[in-house]
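A.B. asks: Just passing along the structure, written as structure tokens.
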Amino acid sequence: MATSSIEAVIPCDIHRVWETLLAVERYTWRTDLSKTEVRGDRQFVEYTREGIATVFTVTLVDPCRRWEFDLDNCNIKGHWIGILTPTDRGTEITFIEHVTAKKFWMRPFVKRFLKRQQAQFVLDLKRVLCKDTARED
């Protein structure tokens, strides 16, 4: 199992960050996705630009504090934890992923893949929220 985490500060109100994260059906700000599909209150699917579908099953929702889910696709399975903390600079985010590669040959590459995915996610999140913040000024 590979574990990867990333921390960042988003210069926005915690409620805006939370709403953006949980608006699964509005993930057009994500550069790595082609579409998403909501399957009820506790499950959704994200499709990469390469066509890989990942099923997410929500396991914990603590509004504006913590969001957790299990994830599963043809290559990996695991668990994601998102922690939000209000600060005087905005919202501190901490994302932690525990993932197991389903294919033996992929195991050496999983941690590097996770790091790259997390960095892109945070970059996309900052881009959409900071753009929206600048528009309000």
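The values are calculated or read from the model by the stated rules, or taken from the named source; none is laboratory data. These numbers were taken from a predicted model, which means no experiment stands behind them. All Cβ positions, glycine included, derive from the backbone under ideal geometry; neighbour counts span all protein chains shown. Each accessible area value is taken on the protein alone, full model and side chains, heavy atoms only, with ligands, DNA and RNA left out. Shrake-Rupley method; radii C 1.70, N 1.55, O 1.52, S 1.80 Å.
A.B. asks: Please determine whether any residue of the stretch 8-27 is surrounded by 13 or more Cβ atoms within 10 Å (Cβ to Cβ), over 26 Å from Lys131 (Cα atoms) and at pLDDT 95 or above.
C.D. replies: no
A.B. asks: On the basis of being over 26 Å from Val9 (Cβ atoms) and either in contact (Cβ under 8 Å) with a residue 12 or more places away in the chain or not hydroxyl-bearing (Ser, Thr, Tyr) (or both), does Phe109 make the cut? Explain how you work it out, then say what you get.
C.D. replies: On the way: over 26 Å from Val9 (Cβ atoms): yes; either in contact (Cβ under 8 Å) with a residue 12 or more places away in the chain or not hydroxyl-bearing (Ser, Thr, Tyr) (or both): yes.
For Phe109, the condition - over 26 Å from Val9 (Cβ atoms) and either in contact (Cβ under 8 Å) with a residue 12 or more places away in the chain or not hydroxyl-bearing (Ser, Thr, Tyr) (or both) - is met.
A.B. asks: Something else now. For the stretch 117-131: of the residues being in contact with a helix residue (DSSP H, G or I) (Cβ under 8 Å, 6 or more places away or on another chain) and under 9 Å from Thr31 (Cβ atoms), which is least open to solvent (accessible area, probe 1.4 Å)? Write out each step before concluding.
C.D. replies: Here is the first cut: in the stretch 117-131, the ones in contact with a helix residue (DSSP H, G or I) (Cβ under 8 Å, 6 or more places away or on another chain) are 124-125, 127-129.
Now restrict to residues that are under 9 Å from Thr31 (Cβ atoms): 124, 127.
Numbers: Asp124: 1, Arg127: 112 Å².
The qualifying residue least open to solvent (accessible area, probe 1.4 Å) is Asp124.
A.B. asks: For Ser4, state whether it is touching a residue at least 40 places away in the same chain (Cβ under 8 Å) and part of a strand (DSSP E or B).
C.D. replies: On the way: touching a residue at least 40 places away in the same chain (Cβ under 8 Å): yes; part of a strand (DSSP E or B): yes.
Judged against the criteria, Ser4 is a match.
A.B. asks: Step by step: first the residues of the stretch 58-103, then only those that are farther than 24 Å from Met1 by Cα and of a type in the set (Ser, Thr, Tyr), then the one that is least open to solvent (accessible area, probe 1.4 Å). Which residue is that?
C.D. replies: For the stretch 58-103, the residue satisfying everything is Thr91.
A.B. asks: Go through the residues of the stretch 10-27 one by one and say whether even a single one is out of contact with any Pro (no Cβ under 8 Å at 6 or more places or on another chain) and in a strand (DSSP E or B).
C.D. replies: Yes: one or more hits.
A.B. asks: Something else about it: Can you name the condition, by its number, that Met106 falls short on among (1) over 17 Å from the mean Cα position of the chain (by Cα); (2) modelled with pLDDT under 95; (3) open to solvent by 60 Å² or more (accessible area, probe 1.4 Å)?
C.D. replies: Met106 satisfies all of (1) over 17 Å from the mean Cα position of the chain (by Cα); (2) modelled with pLDDT under 95; (3) open to solvent by 60 Å² or more (accessible area, probe 1.4 Å) except (3).
A.B. asks: Do any residues in the stretch 21-40 that are in contact (Cβ under 8 Å) with a residue 60 or more places away in the chain have Cβ atoms under 7 Å from those of residues that are surrounded by 13 or more Cβ atoms within 10 Å (Cβ to Cβ) and not polar (S, T, N, Q), where the two are at least six apart or on different chains, and which pairs are they?
C.D. replies: What qualifies is Leu21/Trp67; Leu21/Gly82; Trp29/Asp124; Trp29/Val128; Arg30/Asp124; Thr31/Asp124.
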